[in-house]
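Derivation of every value follows stated rules applied to the coordinates shown; laboratory data play no part. Model, not experiment: these values are computed from the prediction.
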Amino acid sequence: MNVTVGDIMTSPAMTVMKHHSAEHAVALMRDHRVSALPVVGPQQEPLGIITASDLLERRADSVPVAAFMTKPPLSVSVGDGPHVAARIMRNHHLHHVLVVDHHKVVGIVSAYDLLELVEDHRFVAKNAPTPPRRAPNRQ
């Protein structure tokens, strides 16, 4: 089965804009039971991402999210395979990756989404390529 990131992403993703306050972000995360929010511009273009961990380190509730968001955010295309998102998360020690389509945020994929995919047996890892056979040594 050919599963894409678009099949497993959370969409629409709850988003904030860079001028929104930390307090607003905390309320969104709490009310929607999410642990990461894409920070977007007026055209839904990705500017950054904030996570629950980022919010633990904020100085005051009135601080805009632009002050502590991670930028630039790492993203995958809606048509990419889940292995692309998994590789980015592993290589960068992340739990969330933004999903974009035509340079606009359309969703978010979490490590939990990838684990659920494997648990549901909708994704089967391919065997590693075998090394090429060597020609026998002739002496």
Compactness index (Cα Rg / 2.2 N^0.38 Å), region 1-104:
1.07
Whole-Hz Karplus couplings 3J(HN,Hα) for region 6-21, θ = phi - 60° and coefficients 6.51, -1.76, 1.60, Gly and Pro as x, run x, 6, 10, 5, 8, 8, x, 7, 5, 10, 10, 9, 4, 8, 5, 7
Can you run phi through the Karplus equation (6.51, -1.76, 1.60; θ = phi - 60°) for region 77-83 and list ³J(HN,Hα) in whole Hz, with x for Gly and Pro?
7, 4, x, 5, x, x, 5
